[in-house]
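**Student:** Before I ask anything, let me first share the structure, which is written out below as structure tokens.
The values are calculated or read from the model by the stated rules, or taken from the named source; none is laboratory data. Since the model is a prediction, treat every value here as computed from it, not as a measurement. Note that each Cβ is placed from the backbone with ideal geometry, even for glycine, and that neighbours are counted across all protein chains shown.
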Amino acid sequence: MSTDFQTAREALGARLRQLRTEAGLDGKDLAVKVSWQPSKVSRLQNGKQSPTRGELTDWALACGRPDVEAELHGMLASLEMKQKNRSWQRQLAGGHRGRQEVAVRQTETTQLTRGLEVSRVPGLFQTPEYARVIFQSNAEFRGIPSTAESAVETRMRRQEALYDPAKTFRFLICEAALYHRSCPEHVMAEQLDRLYNLVGQPRVELGILPFGAQLRRTAPHAFWIYDRRLVIVETISEELWLTGDDDIKLYERAWDWLAESAEQGPAARRLIGRARAALDLP
């Protein structure tokens, strides 16, 4: 069983446990409600067994939460680890929270996270207000339930990993992402202040690819590399999970080549400060 499959299954199990706890039920109570053996409840919420769509529906109803049925079904779609292509329509059918729980688990099980963002600030560095706008806009675009508040809460919980001494984060951000107005100016100002303060923080290496930089390799799209086991690439319609050695080596080379042209430390701060000063604020 692949590590990434198990990570996604544990994330789903943790969500099931949370729903049960919030409903004031123990494992035996829930088992009675759905006519299961208590051991099955334990296996599902501990990530030892994969549920069916019907079992997730039963769990949601037993907890008095029919509203989370679509979210749970979306998390189940993330278990399809043998597929490289994962439809956003399926993953986000119940909103963003389920996918964010998977991201939390991926980060928890990764020591070195590397990433490239072309047009927005990486989720690990987003302020709550910036993240909220991103989630709300994406929900409107995809015509899915607006679960921005719970998604923001989960994303902020994921950011706790930034302070884990066992983890390292190395990210490249194209300078254009500092200027794209995907949120109100005051929200962008707070976001740029956060980025500015992250530069030079322990275990966080933040590089900016400036306008006009000479690149050995262009930056056609965003991607994230989790240790040397997984690359995640987002497109408009789907998410690609790449686990093959050749794919991982190729994206590592792309990251390394781009990093050669990135500004770090004080130079990165100057670029972020210049973008902050360009905002039309009183």
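**Student:** If a residue must be part of a helix (DSSP H, G or I) and either among the charged types (D, E, K, R) or not assigned by TED's automatic domain parsing to the domain that holds residue 131 (or both), how many such residues does the range 176-188 contain? Break it down stepwise before answering.
**Tutor:** Going residue by residue through the range 176-188, those that are part of a helix (DSSP H, G or I) are 176-178, 185-188.
Keeping just the survivors that are either among the charged types (D, E, K, R) or not assigned by TED's automatic domain parsing to the domain that holds residue 131 (or both) gives 185.
Counting residues in the range 176-188 that are part of a helix (DSSP H, G or I) and either among the charged types (D, E, K, R) or not assigned by TED's automatic domain parsing to the domain that holds residue 131 (or both) gives 1.
**Student:** Same structure again: Considering only the range 189-208, how many residues are in a helix (DSSP H, G or I) and touching a residue at least 24 places away in the same chain (Cβ under 8 Å)? Let's see the steps before the verdict.
**Tutor:** Start the filter on the range 189-208 by keeping residues that are in a helix (DSSP H, G or I), which leaves 189-198.
In the following step, the residues that additionally are touching a residue at least 24 places away in the same chain (Cβ under 8 Å) were identified as 189-196, 198.
The total comes to 9.
**Student:** A further question follows. Could you check the range 1-42 and list, in sequence order, the residues that are free of Cβ contacts under 8 Å to residues at least 40 places away in the same chain and either within 23 Å of residue 99 (Cβ to Cβ) or touching a strand residue (DSSP E or B) at 6+ places or on another chain (Cβ under 8 Å) (or both)?
**Tutor:** Listed by number, the residues that qualify are 1, 13, 17, 18, 21.
**Student:** Within the range 209-233, how many residues turn out to be under 20 Å from the mean Cα position of the chain (by Cα) and not in a loop (DSSP other than H, G, I, E, B)?
**Tutor:** 8
**Student:** Are any of the residues in the range 146-155 in contact with a Gly (Cβ under 8 Å, 6 or more places away or on another chain), closer than 27 Å to residue 238 by Cα and not in a helix (DSSP H, G or I)?
**Tutor:** Yes, some residue in the range 146-155 is in contact with a Gly (Cβ under 8 Å, 6 or more places away or on another chain), closer than 27 Å to residue 238 by Cα and not in a helix (DSSP H, G or I).
**Student:** In the range 234-282, what count of residues is obtained for those that are among the aliphatic types (A, V, I, L, M) and part of a loop (DSSP other than H, G, I, E, B)?
**Tutor:** Residues that pass the stated criteria total 5.
**Student:** Now for a separate question. Out of the range 151-203, which residues are over 19 Å from residue 133 (Cβ atoms) and among the polar types (S, T, N, Q)?
**Tutor:** Across the range 151-203, the qualifying residues are 168, 197, 201.
**Student:** For the range 5-52, which residues satisfy the criterion of being of a type in the set (Asp, Glu) and either closer than 15 Å to residue 72 by Cβ or in contact with a Ser or Thr (Cβ under 6 Å, 6 or more places away or on another chain) (or both)?
**Tutor:** 10, 22
Results for (1) under 13 Å from residue 100 (Cβ atoms); (2) of a type in the set (Gly, Ala, Ser), shown as yes or no for each residue.
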position	(1), (2)
120	no, no
142	no, no
146	no, yes
158	yes, no
